[in-house]
1. Looking only at Cα atoms, what is the convex hull volume of the stretch 21-67 per residue, in Å³?
2. Over 23 Å between C-alpha atoms is what I'm after, so list which of Lys222/Lys288; Lys23/Lys323; Lys57/Lys367; Lys5/Lys323; Lys131/Lys367; Lys149/Lys323 land there.
3. Connecting C-alpha atoms closer than 10 Å in a GNM of the chain, tell me which of Ala240, Ala290, Ala28 has the biggest fluctuation.
4. Can you give the helix-only mean residue ellipticity at 222 nm for the chain, where every DSSP H stretch with n ≥ 4 adds -39500 (n - 2.57) and the sum goes over all residues, rounded to the nearest 500 deg cm²/dmol?
5. Using only the alpha-carbon atoms of the stretch 71-281 as identical scatterers, what base-10 log of I(q)/I(0) does the Debye formula give at q = 0.08, 0.11, 0.14, 0.18 Å⁻¹?
6. Do you know the relative contact order of the stretch 284-381, to the nearest whole percent, from alpha carbon pairs under 8 angstrom that are 6+ apart?
7. Could you compute Rg(Cα) / (2.2 N^0.38 Å) for the stretch 292-337, with N its residue count?
8. Any idea what the dipole of the stretch 71-281 comes to, in debye rounded to 20, about its Cα centre with Lys/Arg Cβ at +1 and Asp/Glu Cβ at -1?
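The values are calculated or read from the model by the stated rules, or taken from the named source; none is laboratory data. This one's a predicted model, so the numbers in the text were calculated from it and none came from an experiment. Here the Cβ is made from the backbone with ideal geometry for all residues, glycine too, and neighbour counts use every protein chain on show. The protein model used for the area step is the full one, side chains on, heavy atoms only, and it has no ligands, DNA or RNA in it. Shrake-Rupley method; radii C 1.70, N 1.55, O 1.52, S 1.80 Å.
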Amino acid sequence: MPVFKRRIDDALSQRQTQGLTRKLNCLASANHVQFRAEDQSFINFSSNDYLGLASDKSLGKAWQHGIDLYGNGSAASPLVTGFSVAHQELESALCEWLGFERAILFSSGFSANQALLFSLLEKGDLLLQDKLNHASLMEAGMLSPATMKRFKHNDIRSLQMMLKENALVVTEGVFSMDGDLSPLRDIQATCQSKAWLMVDDAHGIGVLGSEGRGSCQHAGIKPDVLVVTFGKAFGLSGAAILCDSQVGDYLTQFARHHVYSTAIPPSQAHALAHAVGMLRTEQWRRDKLAELQNAYRAACGPLPGYVETQTPIKPFIIGDSAKSLDVAQQLKRQGHWVTAIRPPTVAKNTARLRFTLTTNHTVDDVKALGQSLTRLLEGME
Ligand SMILES: Cc1ncc(COP(=O)(O)O)c(C=O)c1O
């Protein structure tokens, strides 16, 4: 009898015992800031739709126009017949905006990260990753032939002590669970000519920097390789690796997630190019986020568990996993849809609520969240 059933039983019951079982929520229109579920109305504080594009009408129209122009799917991988004018235009728009020679497209950030690490690294190489990098980077590093080491989160001394010639240093621009910024300037100065720097800016692109160019522009650096994803501020999905033309040629040959995977639909590429234009020109969305962040600070700043961040990601530390689930549940009852993030996604005893702000929130939404949280925590004392 194959071992799989027993293995699955054991893993599921262990998760259950630890109180860490995850569940899928099937929600209608949760890509809007306000949605209904279980006969109740909610304000969504859980999405990564920082600039409100996931429900934006003009972006939707651009996608529909893309379908009129290009039809439905791409029908093939990029090197066969899946690469179209729409893909080319998106690549050009990204390169022009972000100042790179090439942009290689992927259907997700997860696959872009894996593709880069798997195609670049060989046995004997040293890969240095920030300890809090995303699972896609960690997993790729562990499965790659390189030796992977993790430096302490945002700790330049720790990085310096591990750094050797020919290392690849990988960090996020904005950390997804903590909302803090990487010290990119210092990291780049540390790498200098010794190492290459790769930045995954999934949560910074569109949100930080002039014209939303992201964490690197905000810090005044240009990494060797930049990964941007389209599932957050772009309001859609997919990703791109930005690099010079030689790395681009290399990835076109050897990045298996690019070569052997169906290209994103051309209509989606068309919509993404439209989103680039919106991110560049619609500064009001970032200004609105700044206003909401001030409102969040005023409402939740005095509470224990509050963490100050410069981004729309607002972790609120509870500590205990069960308690964080309980608080999230009670906030939901009051109409605030929030997610409790627990180990193994975050370190033990740092279970938290992860509030995210989006341009589509109102200041009153944020104030109401703060009032509910204050009342709840007072009641628990
Ligand atoms: C930092 C980071 N990198 C990569 C990814 C994966 O991107 P995608 O959702 O496009 O697969 C995520 C997703 O949450 C992320 O937070």
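1. It is 117 Å³ per residue.
2. Lys222/Lys288; Lys57/Lys367; Lys5/Lys323; Lys131/Lys367; Lys149/Lys323
3. Highest fluctuation of the listed residues: Ala28.
4. Result for the chain: -13000 deg cm²/dmol, rounded to the nearest 500.
5. The computed values of log10 I(q)/I(0) come out as -0.25, -0.47, -0.77, -1.28.
6. With pairs under 8 Å counted, the relative contact order is 34 percent.
7. The value comes to 1.20.
8. Computed charge dipole of the stretch 71-281: roughly 340 debye.
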